[in-house]
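Since the structure comes first, as structure tokens, the remarks are kept for the end.
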Amino acid sequence: MKAANDRRPEAPASRRPRRPDRRRALRALGALTTLALVVVWTAVASGASDGRADPATGAQAQQTSAEVDPMPEPVDAQRASSQERSACAYADDAAPFGTTDQWPYTVLDTRFRLASDYAPDDLVELAVALADVAPGAAPAGMKLRAVVLADLRALLSAAAAAGLELAIQSAYRSFAYQESTFAYWVKEESYDQALRSSARAGHSEHQLGTAMDLRSLTGPEAWDLDDWATTPEGAWAAENAWRYGFVMSYPPGEEGVTCYMYEPWHYRYVGRAVAADVHASGLTLREYLLNRWTSDAR
Ligand SMILES: [Zn+2]
């Protein structure tokens, strides 16, 4: 657990203007287009469930990220904003695409988080659901969302066909679980040190119910190895998981853009189409999703 979600020490502190500085920051940025961007951004961050009554019709307009007003073409402002967005800041802003039905696109990092009551209602017991294709791959009590199951079974079956036995080390983790885990590390070490050793509650992809930590069925836990991706199982997963819809969220050498240290065991399911798209893009999942969010809001 401690090894998971470490963050590189030199990552920059929050660059997002705090509330009292917002007006000054906007003035510095200048362009009206930037203002529009921030308004959209704030609307998204304020929560997708905030309905807003249309005075003409009285109808409730859902304020979701996919339905915000089109943005103009602020090339320079857009670029500046992208840089700001790509920085690894510490905050508790509502995750873009942060509802359970938007699971392939939800942006989670050190800044964006899920609500404390975000809990998928289709979690399934993996020990039962995988018993026929990968017996022993998941200890009792481990759960993932039903949307993951078909492709997870395909992934484990393909690995088995290649003579490899993958197992699941960790799967769904609730907000409360992550909260107690983080509190444990604060008590053991310090708040600053805990930030580097554990994700804060709401910021872990495990709360999505679509992320899991893999390991080899036989052999040590993946995070006790120097690099699990150099084992036959880890190498196979790194090469093939995307074909089944799973993306390694924190690949090597990308700490500055993923906001977390390399985690060769941590995979998030985004579906085969998105995973293939991410693979083809050469981007990390976080960059890909941030770009997708930006272009959807445009
Ligand atoms: Zn993980």
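If neighbour count is taken as other Cβ atoms inside 10 Å, put D93, D117, D213, D227 in order from fewest to most. Don't skip to the answer; put the middle values down first.
Details: D93 18, D117 6, D213 23, D227 13.
Ranking D93, D117, D213, D227 by Cβ neighbours within 10 Å, fewest first, gives D117, D227, D93, D213.
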Checklist entry - Given H placed on each backbone N at 1.01 Å, which residues far from L214 in sequence or on other chains put an amide H within less than 5 Å of it? => result Q169, H266, Y267
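How compact is region 126-180 by the rule of thumb for globular proteins, expressed as Cα Rg over 2.2 N^0.38 Å? Could you put the intermediate results ahead of the total?
Values: Rg = 12.1 Å, N = 55, 2.2 N^0.38 = 10.1 Å.
Computed over Cα atoms of region 126-180, the ratio equals 1.20.
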Item to check | Reference-scaled alpha-carbon Rg (2.2 N^0.38 Å with N residues) for region 83-200 | outcome: 1.26
Next on the checklist: Percent of Cα-Cα pairs more than 13 Å apart in region 83-146, please.
Outcome noted: 70 percent
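Using the number of other C-beta atoms within 10 angstrom as an exposure proxy, rank R111, R153 with the fewest first. Let's see the in-between values first.
Values: R111 21, R153 16.
With the fewest neighbours first, R111, R153 line up as R153, R111.
Every read-out reported here was derived from the displayed coordinates using simple, explicitly stated rules and does not represent laboratory data. Quantities reported herein were computed from a predicted structural model and do not represent experimental measurements. Positions of Cβ are backbone-derived with ideal geometry, glycine not excepted, and every protein chain shown enters the neighbour counts.
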